[in-house]
Amino acid sequence: MSDAAPGEPSTDRPIFPEGYGIPEAADGQLSWSQVEPRLVAAKHYWLSSVRPDGTPHSVPRWGVWLDGRFWYDGAPTTRHARNAEKNPAVTLTLESGTQAVILEGTSVATRADGDLGVRLSAAFAKYADDGYAPGPDSWSGADGGGLRVITPRRVLAWFQFPTDCTRFTFAAAS
């Protein structure tokens, strides 16, 4: 896996059924620089994956937004990790339904050696008061310490529905 961050996303309006009041014009769309800081600042995220039988599974997760991706960890035996191993398509959302950020992407197991481990450890410091403070080497073992990373494919966001509804589309990873 490359450590290169995904590029700047393209923007357009999401498609909603008629009657939702989504403006057609691009005026009023959010910029990525308005949305990304919310992914960085959040402490609580909801991760949704799909069980092998096709039913959904949602779980609250701690994690960090770094280098244009969402990094989180947990035992490889957890339901969400086993689900992502079978089907890496996941959705990640923030807690608010009115200040919505809905990320669709793929989750893969990974490791964090060297500088990446240091930067992840610094980013996870936001949980130190909650008793979680992983060190820089926490994700460098053979199993990556249960580290997973979500690479975004699409993000839907709005802070003043329906006027600023915006869809961000990321180029496919090479």
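The strands (runs of 3 or more DSSP E) falling completely within the range 1-73 that include 3 or more residues that are free of Cβ contacts under 8 Å to residues at least 24 places away in the same chain map to 56-61. Might you check whether a residue that is touching a His at 6+ places or on another chain (Cβ under 8 Å), within 20 Å of Arg153 (Cβ to Cβ) and surrounded by 15 or more Cβ atoms within 10 Å (Cβ to Cβ) occurs anywhere in the range 22-44? No; the residues of the range 22-44 include none that is touching a His at 6+ places or on another chain (Cβ under 8 Å), within 20 Å of Arg153 (Cβ to Cβ) and surrounded by 15 or more Cβ atoms within 10 Å (Cβ to Cβ). If you go through the range 60-88 and keep only what is surrounded by 15 or more Cβ atoms within 10 Å (Cβ to Cβ) and among the hydrophobic types (A, V, I, L, M, F, W, C), you end up with Trp62, Val64, Trp65, Leu66, Phe70, Trp71, Ala81, Ala84.
Restricting attention to the range 64-77, the residues that are on the phi > 0 side of the Ramachandran plot and at pLDDT 95 or above total 2.
Considered as a group, the residues in the range 92-117 that are under 22 Å from Pro37 (Cβ atoms) and loosely packed, with under 15 Cβ neighbours inside 10 Å include one that is farthest from the chain's Cα centre (by Cα), and that residue is Thr98. Of all residues in the range 2-38 being touching a Pro at 6+ places or on another chain (Cβ under 7 Å) and among the hydrophobic types (A, V, I, L, M, F, W, C), which is modelled with the lowest pLDDT? Step by step, filter the range 2-38, then rank; the result is Ile22. Listed by position, the strands (runs of 3 or more DSSP E) inside the range 92-174 whose residues that are without any contact (Cβ under 8 Å) to a residue 40 or more places away in the chain number at least 1 are 100-109.
The values are calculated or read from the model by the stated rules, or taken from the named source; none is laboratory data. Since the structure is predicted, the reported quantities are computational estimates derived from the model, not experimental observations. Counting neighbours? That spans all protein chains shown, and the Cβs are built from the backbone with ideal geometry, glycine included.
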